[in-house]
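Colleague: Please see the structure below; I have some questions.
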Amino acid sequence: MLKSRVGNTSVSLNMITHRILNIHRTIILSVVVYGCETLSLTMREECRIRVFENRVLSTIFGSKRDEIRGEWRKIHNEELNNLYSTL
């Protein structure tokens, strides 16, 4: 398991990612969709919100090392959704 040093405390990166996702769910997502429950969104607006959320999630989760090629690559949207739903 990867660990990061924060001060004198060793904190797992998985715990940090979990906390960042909680912030994303409670603050960022609520601000983005504020008032949308009374509006009827067009397909374009829904797509733009989905693109924004995928950008935020890809920033949180970062890159992934390809096991076959050994190169770093961006995480695909499907993988982001799987990671987001499991945490």
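Colleague: Note down the nm distance, to one decimal, between modelled labels 7 Å out along Cα→Cβ at residue 73 and at residue 48.
Modeller: 3.1
Colleague: Around residue 24, under 15 Å between beta carbons, what's the net of Lys plus Arg minus Asp minus Glu among the other residues?
Modeller: Once all neighbours under 15 Å are counted, the net charge is +3.
Colleague: Just subtract the alpha-carbon distance of residue 64 and residue 26 from 0.36 nm times their residue separation and send over the number in nm, one decimal.
Modeller: Contour length minus the Cα-Cα distance gives 11.1 nm.
Colleague: Let me check I've understood the local charge: for residue 85, count other residues with C-beta under 14 angstrom from its C-beta, Lys and Arg +1, Asp and Glu -1. What total comes out?
Modeller: -2
Colleague: Here is a follow-up. How much length, in nm to one decimal, is gained on full extension between residue 40 and residue 15, taken as 0.36 nm per residue of separation minus their Cα-Cα distance?
Modeller: 5.3 nm
Here, each number is a calculation from the coordinates, and none is a lab measurement. This one's a predicted model, so the numbers in the text were calculated from it and none came from an experiment. Positions of Cβ are generated from backbone atoms using ideal geometry, with glycine treated the same way; all protein chains shown enter the neighbour counts.
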